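First up is the structure itself, then whatever we jot down about it.
The values are calculated or read from the model by the stated rules, or taken from the named source; none is laboratory data. Quick caveat: nothing in here was measured; it's all calculated off a predicted structure.
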Amino acid sequence: MTSPHFSSYDEGPLDVSMAATNLENQLHSAQKNLLFLQREHASTLKGLHSEIRRLQQHCTDLTYELTVKSSEQTGDGTSKSSELKKRCEELEAQLK
């Protein structure tokens, strides 16, 4: 008694139905994964934009603080910025 030879290419109606169901499941899974990634991406972008705004505000605050401090007068009437610039020039001259 010989048994019939079945190859992977011999697909009956049941095999086609199972393959279609499998593809539908894969499609559904891929769609769910895509939706998850889109939500995560949106959440990450929102967090990054928030961090950018926070850092911009911090930079603005520091710039203001630096401006205020550099415009304050020292005892001899020169600004702190001018004083520091002069000190840098003196140190550079010593290096030469």
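Mind checking whether some residue in the stretch 12-29 is among the β-branched types (V, I, T) and either modelled with pLDDT of 85 or more or not in a loop (DSSP other than H, G, I, E, B) (or both)?
yes
Can you confirm whether the stretch 63-71 contains a residue that is at pLDDT 95 or above, assigned to a helix (DSSP H, G or I) and over 28 Å from the mean Cα position of the chain (by Cα)?
no
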